[in-house]
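Worksheet for the structure shown next.
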Amino acid sequence: MAQKPSIPKGTRDFSPEEVAKRNYIFGTIQSEFKRFGFQPIETPSFENSSTLMGKYGDEGDRLIFKILNSGDFLKKADENALAEKDSLKLTSSISEKALRYDLTVPFARYVVQHQNEIEFPFKRYQIQPVWRADRPQKGRFREFYQCDADVVGSNSLWQEVEFVQLYDSVFNKLGLEGVTIKINNRKILSGFAEVIGEQDKLIDFTVALDKLDKIGEEGVKKEMREKGISEEALKKIQPIFSLSGSFADKIEGLRSILEGSDNGQNGIEELQFIQNAIQEMPLKTAKLDLDVTLARGLNYYTGAIFEVAAPDKVKMGSIGGGGRYDDLTGIFGLKNMSGIGISFGLDRIYLVLEELGLFPDTVIQNTKVLFINFGEKEALYAMKAVRNLRAANVTAELYPDAGKMGKQMKHADKRNIPFTVLAGEEEMKEAKFTLKHMKSGEQSSLDIDGLIDALS
């Protein structure tokens, strides 16, 4: 009995239409990366396990796909670990490689390994698939693409300004209006913890604050109390919950709240610099907004934090994010290499464009004209014309098998091919072709030059 075909959970097949739409997004992002001066690199789909393990925390380590050593992998297995069924100890002896979990750690490895060949600051972009052994669910897959851009070797805040402009430029090119680029700064969050005297609870404080839009003010305060943050501290931080208005209004509110924190004031100055630059160079369609609750990537971001929200009319999570990190390469021994990077959420951007009907009709590349096959001599005559049309950048093909014209016409109709060409004995005698528009049924007799003009 034949085996029923299937694919692993958390992976997907893509139809020709889906691939065309995904390539449209890839192409748009890539063209803007290039326009902003980023250079492409690629890294292997799998890395040495030692490169990846321990870089994402315990949870991340569990989600890394390990690759069994080739050959008899049990021959060199740790016998004690095998007998004790200790999978953690056993893994290191039977698996030396793993599929990459993200593009950031491989990029850090690349920078350190090639540091003598790289001209710093180094602006790189990378568009490649990554793999995570996560539990598959709607919008979450085990294999997916990341689209990253980073600059390493510069502390300049002009890089933050450029990334805001890059986000705006990409979404403008995709026709996606109403996107909000949210920005915060790690120093602001550290300043909050400092002014309330809870520096040791920075992570607990910010994790709770980050949930403000989900559980509301009282929910956040309840969670903070459960983490041991005092009532007096909550009173001091109360003004955070009423911060509103324009970017400038929020900045002024922060100056008051963070009056006693040098770290917090530094964060304010950095945000002010970015805002001033964007005011001088207004964004095309996106909006820049200060969100003091934004705390993504707190374990490694040290300055600016970005998150991009889809237009309000679409219910969707973030469609991009990133931030400033001061020591990305330190994990591989190259200290004090500051960087900043952002990422585009391809799958979510796809869903947003689909929901809003923003994919251009021209995205779905299709054969423009199908030549009907009447027999061997007619097929040769048709193929010569097909070659001329292709040379003129017209997508053309010959139906491969001679047979009933109705079947071939139905094939063109099912594939949404807009034109067919009939080239039988009469057309061959006159060195002509009968061009038929499939929707209107209109027909015209043309020579090869006329055919090229009509289809170009």
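The values are calculated or read from the model by the stated rules, or taken from the named source; none is laboratory data. It should be emphasised that the depicted structure is a prediction, and the values quoted were computed from it without experimental measurement. Don't worry about glycine lacking a Cβ; one is built from the backbone with ideal geometry, like all the others, and counts go over all protein chains shown. The accessibility values were calculated without ligands, DNA or RNA, using every heavy atom of the protein model including side chains. Shrake-Rupley method; radii C 1.70, N 1.55, O 1.52, S 1.80 Å.
Counting only protein heavy atoms and using a 1.4 Å probe, what share of the accessible area of the chain belongs to carbon plus sulfur, as a whole percent?
Values: 11790 of 24390 Å².
So the carbon and sulfur contribution to the accessible surface is 48 percent.
Along segment 422-433, what does the Karplus equation 6.51 cos²θ - 1.76 cosθ + 1.60 (θ = phi - 60°) give for ³J(HN,Hα), rounded to whole Hz, x for Gly and Pro?
9, 9, x, 4, 5, 5, 5, 4, 9, 6, 10, 9
Please report the base-10 log of the normalised intensity I(q)/I(0) for segment 93-171, using a Debye sum with one equal scatterer per alpha carbon and no solvent, at each q in 0.14, 0.26 (1/Å).
Debye curve over Cα of segment 93-171, log10 I(q)/I(0) at q = 0.14, 0.26 Å⁻¹: -0.65, -1.24.
Quick one: length gained pulling GLN272 to GLU117 fully straight, 0.36 nm per residue minus the C-alpha distance?
52.2 nm
Rounded if a/c is under 1.5, else prolate if a/b beats b/c, else oblate: with a ≥ b ≥ c from the C-alpha gyration tensor eigenvalues square-rooted, which is segment 264-360? Walk me through the numbers before you get to the answer.
Values: a/c = 2.31, a/b = 1.47, b/c = 1.57.
Oblate shape, in that a/c is at least 1.5 and b/c is the bigger or equal ratio.
When we measure straight from the Cα of LYS221, which lysines land under 25 angstrom away, once same-chain ones fewer than 8 places off are left out?
Hits, sequence-local ones excluded: LYS182, LYS187, LYS201, LYS211, LYS235, LYS236, LYS250.
Over segment 119-205, give the accessible area per residue in Å² for a 1.4 Å probe, as an integer.
On the way: 3340 Å² over 87 residues.
Per residue, segment 119-205 has an accessible area of 38 Å².
Quote the FRET efficiency, to the nearest 0.05, computed for ASP72 versus ASP327 with a Förster distance R0 of 41 Å and r equal to the Cβ-Cβ distance. Write down the numbers at each step before the final one.
Working: r = 41 Å, r/R0 = 1.00.
Step by step, r from the Cβ atoms, then E = 0.50.
What list of ³J(HN,Hα) values in whole Hz, one per residue of segment 374-382 in order, does the Karplus curve 6.51 cos²θ - 1.76 cosθ + 1.60 (θ = phi - 60°) give from phi, with Gly and Pro shown as x?
9, x, 4, 5, 5, 5, 5, 4, 5
Let me know the shape class of segment 1-155, please: from the alpha-carbon gyration tensor, a ≥ b ≥ c as square roots of the eigenvalues, rounded when a/c is under 1.5, otherwise prolate if a/b is greater than b/c, or oblate. Don't skip to the answer; put the middle values down first.
On the way: a/c = 2.54, a/b = 1.30, b/c = 1.95.
The shape class here is oblate.
For segment 1-73 and segment 225-259, write down the distance between their C-alpha centroids in whole Å.
Cα centroid to Cα centroid, the span is 41 Å.
Can you give the angle from 0 to 90° between the axis of helix 405-414 and the longest principal axis of the chain, with both taken from C-alpha atoms, to the nearest 10?
Once rounded, the angle reads 20 degrees.
Quick one: grab the alpha carbon gyration tensor of segment 385-456, order the square roots of its eigenvalues as a ≥ b ≥ c, and give me rounded if a/c is under 1.5, else prolate or oblate depending on whether a/b is larger than b/c.
Numbers: a/c = 1.43, a/b = 1.21, b/c = 1.18.
The shape class here is rounded.
At 1.4 Å probe size, with every protein chain present, just tell me what the per residue accessible area of segment 272-343 comes to in Å².
Values: 3120 Å² over 72 residues.
Solvent-accessible surface per residue comes out at 43 Å².
Out of residues 5 or more away from LYS97 or on other chains, whose amide H comes under 5 Å of its own, with H placed 1.01 Å from N in the peptide plane?
SER49, ILE67
Which value in deg cm²/dmol, rounded to the nearest 500, describes the helix-derived mean residue ellipticity at 222 nm for the chain, given -39,500 (n - 2.57) per DSSP H run of n ≥ 4 and division by the residue count? Don't jump to the answer; show the numbers that get you there.
Working: 18 runs with 191 residues, N = 456.
Estimated from H runs of four or more residues: -12500 deg cm²/dmol.
Charges only on Cβ, +1 for Lys and Arg, -1 for Asp and Glu: so what's the dipole of the chain about the Cα centre, in debye to the nearest 20? Mind showing how you got there, number by number?
Values: 61 positive and 68 negative charges, 269 e Å.
Value, rounded to 20: 1300 debye.
What distance in nm separates the two pseudo spin-label positions at MET281 and THR11, each 7 Å out from Cα along the beta-carbon direction?
My value for the distance between the label points is 4.3 nm.
Would you work out which of LEU356, ILE448, ASN373 lies farthest towards the positive end of the dipole of segment 348-456, given +1 charges on the beta-carbon of Lys and Arg and -1 on that of Asp and Glu, about the Cα centre?
Result: LEU356, furthest along the dipole toward the positive end.
Tell me which residues come under 5 Å, amide H to amide H, from ASN185 once H is placed; ignore anything under 5 positions away on its chain.
Amide H to amide H, under 5 Å and 5 or more residues apart or across chains, ASN185 pairs with ILE305.
For segment 105-120, just list the computed ³J(HN,Hα) in residue order, Karplus coefficients 6.51, -1.76 and 1.60, θ = phi - 60°, integers in Hz, with x standing in for Gly and Pro.
Result, rounded to whole Hz: 5, x, 5, 4, 4, 4, 4, 5, 5, 10, 4, 7, 9, 8, 9, 8.
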